[in-house]
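Below: one structure, written as structure tokens.
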Amino acid sequence: QVNKTLTSDMDADAIGGSVNLILRAAPNKERISATLAGGYSPIREHGNYTSGFVYGNRFLNSKLGAVLSASYNNNTFGSDNIEAEWALGDGDEHYEFGNEFLQAAEIRKYDVQRVRSSVALALDYEFNQNNKLFFNAMYNQRNDRENRFAVGYEVDPIYDDKNEIIGYEGNMFRQNKGGIGDNKNKNSRLEIQKVQNYSLAGEHLLGSSVDMDW
């Protein structure tokens with residue numbers, strides 16, 4: 001459920017609208033489904049994998065409903081690019097005012113592996129037609145492993161006494177951003193993000209014209 005603005009029943013600590021995730025509801029009978037997909041990243045010549053699983057059923061004479069779902073995604077990708085640093089001439093004797101010139105340039109290579117996994121459980125228990133309880137649990141984890149390789153160049157002209165260019169001088173540097181060489185980091189810069197959410201709710205019909213949801 002997407003709301004463009006907040007309403008009076010929502011938490012006030014938000015910038016704009018809100019997104020409310022509605023989890024799967026238990027089916028009326030047993031349901032099992034699974035998905036498996038794959039792809040290929042031509043830049044890094046590596047395969048990508050995605051899988052999902054859902055199981056739902058009702059128990060205890062259909063009073064208890066349960067849905068368990070899980071997913072997994074493993075994506076290896078990257079990029080090759082050139083990043084340049086440009087500047088405007090300030091009108092001195094070497095750089096004419098308003099003319100752009102290249103101060104520095106870097107050739108970069110990024111290698112990224114993103115692994116995402118999640119599991120969710122939704123339970124509902126119907127005491128009778130007027131009273132029902134719900135319990136939802138959700139866990140998500142994302143692991144980003146990144147390596148960055150860079151070669152940079154900085155070049156400046158050399159002038160003689162007549163203010164004429166007689167050559168160039170500069171420097172070159174190499175840079176690598178990685179991490180620890182263990183099974184967890186795999187020689188890369190590892191960023192882990194975890195999100196957990198647990199909620200308990202109820203719906204109660206207290207009378208012919210009064211109900212309570214919490």
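The values are calculated or read from the model by the stated rules, or taken from the named source; none is laboratory data. Bear in mind the structure is a predicted one, so any value in this text is a computation, not a measurement. In this analysis, Cβ positions are derived from the backbone assuming ideal geometry, glycine residues included, and neighbour counts consider all displayed protein chains. Each accessible area value is taken on the protein alone, full model and side chains, heavy atoms only, with ligands, DNA and RNA left out. Shrake-Rupley method; radii C 1.70, N 1.55, O 1.52, S 1.80 Å.
Quick notes on this structure:
- Computed extension gain for residue 144 through residue 107, at 0.36 nm per residue and net of the alpha carbon distance, reaches 11.1 nm.
- Computed over the stretch 149-197, relative contact order equals 29 percent, with contacts defined as Cα pairs under 8 Å that lie 6+ residues apart.
- Principal axis dimensions, largest first and in whole angstrom, of the chain by Cα: 99, 42, 27
- In Å², nearest 10: area of residue 58 left accessible to a 1.4 Å probe: 40 Å²
- Given charges at Cβ of Lys, Arg, Asp, Glu: the stretch 1-69 dipole, positive-most of 2, 40, 69: 69
- Of the solvent-accessible surface of the stretch 147-206, computed with a 1.4 Å probe and all protein chains present, 47% belongs to carbon and sulfur.
- Theoretical FRET efficiency, 1/(1+(r/R0)^6), r = Cβ-Cβ of residue 164 and residue 79, R0 41 Å, to 0.05: 0.50
- Carbon/sulfur fraction of accessible area - the stretch 1-138, other protein chains in place, 1.4 Å, %: 55 percent
- Result for the chain in a Gaussian network model with C-alpha springs under 10 Å: among 112, 151, 54, the largest mean-square fluctuation is at 151.
- When the charge dipole of the stretch 112-200 is built from unit charges on Cβ atoms (+1 for Lys and Arg, -1 for Asp and Glu) and taken about the Cα centre, the candidate among 181, 196, 155 whose Cα reaches farthest toward its positive end is 196.
- In plain terms, the chain from residue 153 to residue 115 could stretch by 10.3 nm, reckoned as 0.36 nm per residue minus the Cα-Cα distance.
- Per residue, in Å², the accessible surface of the stretch 145-189 once ligands and nucleic acids are set aside, probe 1.4 Å: 76 Å²
- Cross-link partners of residue 194 among aspartates and glutamates, defined as those whose alpha carbon lies under 13 angstrom from its own and excluding same-chain residues fewer than eight positions apart: 144.
- Solvent-accessible area per residue for the stretch 1-86 (1.4 angstrom probe, square angstrom): 75 Å²
- Against the compact-protein benchmark of 2.2 N^0.38 Å, the Cα-based radius of gyration of the stretch 68-189 scales to 2.03.
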